[in-house]
Amino acid sequence: MNKFYFLVCICFTLGILQGCGEKAVEKPALVVEEVVAEPADVKAPTQTRVEDPEPLDLSQFSHTPTEWGEYVDGVKTRMKTEEKQIALTFDACGGAHGSGYDEELISFLRAEKVPATLFINQRWIESNEALFLELAADPLFQIENHGTHHSPLSVAGGEAWGIQATSSPQEAHDEIMDNHETVKLLTGREMTLFRSGTAFYDEIAVQLAEAIGYQVVNFDVLGDAGATFSSGQVKNALLNAKEGSIALLHMNQPQSGTAEGVQQAVSIIREKGFEFVLLENKVLE
């Protein structure tokens, strides 16, 4: 293991629990509350998920996985492009310590017309429903799936950073689809991109997500290390982005250096000729 990879692992290990407000706790029971749809103020979906004609046979995903981590087979980390385009993605993780809202960050993105893809967890939606509907109605933002309980995605159990993973094909399916149905009920929109809590997966769970109609999306730029980076570190991380990069940051920790770091980086990145884009309709690799 080289020194750079070791340092990144340390940063991410320290950051993932703080940025997503997680503690090592038992996986909670699955609960989805019925909510009232308000589709009138929400933009029409730009992507449509293809529905399976029959219920998915989950037994085909019951064999033992051989990979576990952030970069297993099937996980997308970049846009396939030679154009000077960068995608900023922001997670909203939810939970007792992860349901905050970085108003300074979102206001800056709006003022500077910087599009961003927001991966939002069901727990964050439940704590911030009015804000969620406001973000979903804004064409500057693309809403995508950050899971139901913010669990690492597995068909066989395990953990990442002390957080218990889903432990069966059915649990993995529900971790994706319960939040999917919540967002669909609120907005009428079908999401097509998924990022798990902790961004960890096994390769069988990734195959299951693909069979549902999702692409699993991680990153090639660790933008704020779970919202633990200083503003200067966030700025420097983003300045290392290349053509097609996907940056991972957080929008649920207003006390972090994320907003200031993004503000410092955006004008410099644009001066280099880069364009900020959404992930929708992009070819991912």
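For the stretch 168-285, the spherically averaged projection of the C-alpha convex hull amounts to 8.5 nm². Whole-Hz Karplus values for the stretch 189-194 come out as 9, 9, 7, 10, 10, 10 Hz, taken residue by residue from phi with 6.51 cos²θ - 1.76 cosθ + 1.60 and θ = phi - 60°; glycine and proline positions read x.
Can you give the Kirkwood hydrodynamic radius for the stretch 50-205, in Å, rounded to one decimal and based on Cα pairs? Computed over the stretch 50-205, the radius equals 16.6 Å.
For VAL114, neighbours were defined as the other residues whose beta-carbon sits under 11 Å from its Cβ, and their charges (Lys and Arg +1, Asp and Glu -1) total +1. With θ taken as phi - 60° and the Karplus curve 6.51 cos²θ - 1.76 cosθ + 1.60 applied, the whole-hertz 3J(HN,Hα) list for the stretch 92-107 is 10, 8, x, x, 4, 10, x, 9, x, 9, 8, 5, 4, 4, 5, 4 Hz, x standing for glycine and proline. Would you mind telling me the share, in percent, of accessible area of the stretch 97-251 contributed by carbon and sulfur at probe 1.4 angstrom? Of all accessible area on the stretch 97-251, carbon and sulfur atoms account for 48 percent.
Evaluating kT/(6 pi eta Rh) at 10 °C and 1.306 mPa s, with the Kirkwood radius of the stretch 168-208 over Cα pairs in the Stokes-Einstein relation, gives 144 µm² s⁻¹. Per-residue accessible area (protein heavy atoms, 1.4 Å probe) orders TRP124, TRP161 as TRP161, TRP124, starting from the largest. Using the Cβ of SER62 as centre and a radius below 13 Å, the other residues enclosed give a net charge of -3, where K and R count +1 and D and E count -1. Over all other residues within a Cβ to Cβ distance under 11 Å of GLU83, the charged ones net out to 0, with Lys and Arg as +1 and Asp and Glu as -1. Over the stretch 241-285, the ratio between the Cα radius of gyration and 2.2 N^0.38 Å evaluates to 1.31.
When the P(r) is computed for the stretch 89-172, the part past 22 Å accounts for 33% of the Cα-Cα pairs.
Rolling a 1.4 angstrom probe over the protein heavy atoms with all chains in place gives the stretch 149-285 an accessible area of 30 Å² per residue.
The values are calculated or read from the model by the stated rules, or taken from the named source; none is laboratory data. Values in this document were obtained by computation on a predicted structure and should not be read as measured data. Here Cβ is always computed from backbone atoms with ideal geometry, including for glycine, and neighbour counts include all displayed protein chains. Ligands, DNA and RNA are excluded from the accessible area calculation, which covers all protein heavy atoms including side chains. Shrake-Rupley method; radii C 1.70, N 1.55, O 1.52, S 1.80 Å.
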